[in-house]
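Peer 1: Once you've had a glance at the structure underneath, I'll fire off some questions.
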Amino acid sequence: DKEHKETLSNGPGIVAACYLYRFTGNVDYLNKAKEIYTWLRATLFNSNTGEVYGKIAANGDIDTSVNVFNNGSFGGAANFLYQITGDINYFNDAKRAFDYTKNTKFKNGVIYATNRNGTENAEYIRWLGEFVRQNHLWDEYYPWLKLNADTAWSRRRTDLNITWNDWRTQSPIDNSTANES
């Protein structure tokens, strides 16, 4: 219905276009990635804070809610473009988006997400891990990443060695997926 455009689909869309460019060498994919990124950055990214907003409605109203998934996918897209182009502005945007989440979406140093049943943290941590590895930022991020990995592991469902998305609390031993925090 074209009621709104979301970071949820555009961030991963940029990543997909970057992969297609890498695999095919077709510059049209890179240009599309840059085009989508330019729109997303101008419309749903707060370059002062690193917040990545949820969506914009067809009438122009912006949903300024911020979640872990969106900051992760935007940061991942920015870093992917940085790796391809070397343009430091992409690096700076990625770092700002990752750091916003790292510094605001936590309790006692542990990241948390309360919906999407696990994919919020997974998306964020996966792309942050790539950012840290590719840009040799272990000294800066390792202690925080280790704290989160150790916490998630200690709160896992031990019979299956899996965890849910709220690493602050014990994963349930039944098949429930909802957590309301």
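Peer 1: Return the calculated 222 nm mean residue ellipticity for the chain, to the nearest 500 deg cm²/dmol, obtained by summing -39500 (n - 2.57) across DSSP H runs with n ≥ 4 and dividing by the residue count.
Peer 2: -19500 deg cm²/dmol, from helical runs alone.
Peer 1: On full extension of the chain, what length is gained from SER65 through THR49, given 0.36 nm per residue of separation minus the C-alpha to C-alpha distance?
Peer 2: 4.4 nm
Peer 1: Something else now. Hey, any idea what % of the chain's accessible area is carbon plus sulfur with a 1.4 Å probe?
Peer 2: Carbon and sulfur together cover 50 percent of it.
Peer 1: Okay, moving on. LYS95: which lysines have alpha carbons under 27 Å from its alpha carbon, excluding same-chain residues fewer than 8 sequence positions away?
Peer 2: LYS5, LYS32, LYS34, LYS55, LYS105, LYS107, LYS146
Peer 1: Any chance you could run the full-extension gain for LYS146 through ILE84? It's 0.36 nm times the residue separation minus the Cα-Cα distance, nm to one decimal. Show your work: numbers first, answer last.
Peer 2: Numbers: separation 62, 0.36 × 62 = 22.32 nm, distance 2.82 nm.
Full extension from LYS146 to ILE84 adds 19.5 nm.
Peer 1: Kyte-Doolittle cut-off 0.0, length cut-off 20 Å along the helix's own axis using Cα: show which whole DSSP H helices in the chain pass.
Peer 2: Going by DSSP H runs, the hits are 7-24, 68-85.
Peer 1: ILE173 to GLU6: FRET efficiency via 1/(1 + (r/R0)^6), r the Cβ-Cβ distance, R0 35 Å, to the nearest 0.05? Intermediate results must be reported in sequence, preceding the final value.
Peer 2: Working: r = 34 Å, r/R0 = 0.97.
The value I calculate is 0.55.
Peer 1: Now a separate question. If each residue of separation counts as 0.36 nm, what is the full-extension length gain between THR104 and ARG126 once their alpha-carbon separation is subtracted? Intermediate results must be reported in sequence, preceding the final value.
Peer 2: Numbers: separation 22, 0.36 × 22 = 7.92 nm, distance 1.82 nm.
Working it through step by step, the gained length comes to 6.1 nm.
Peer 1: While we're looking at this one, here's another question. Could you check the spin-label model distance between ARG22 and ASN92? Points 7 Å from the Cα along Cα→Cβ, value in nm.
Peer 2: For ARG22 paired with ASN92, the spin-label model returns 2.5 nm.
Peer 1: If you don't mind, another one. Enter the Cα centre distance for the pair the range 151-176 and the range 46-64, rounded to the nearest angstrom.
Peer 2: Taking the Cα centre of the range 46-64 as reference, the centre of the range 151-176 is 32 Å away.
Peer 1: When Lys and Arg each count +1 and Asp and Glu each count -1, what net charge do the other residues less than 15 Å away from ALA33, Cβ to Cβ, add up to?
Peer 2: With Lys, Arg at +1 and Asp, Glu at -1, the neighbours total 0.
The values are calculated or read from the model by the stated rules, or taken from the named source; none is laboratory data. These figures come from a predicted structure and were not determined experimentally. All Cβ positions, even for glycine, are placed from backbone atoms using ideal geometry, and neighbour counts span all protein chains on display. The protein model used for the area step is the full one, side chains on, heavy atoms only, and it has no ligands, DNA or RNA in it. Shrake-Rupley method; radii C 1.70, N 1.55, O 1.52, S 1.80 Å.
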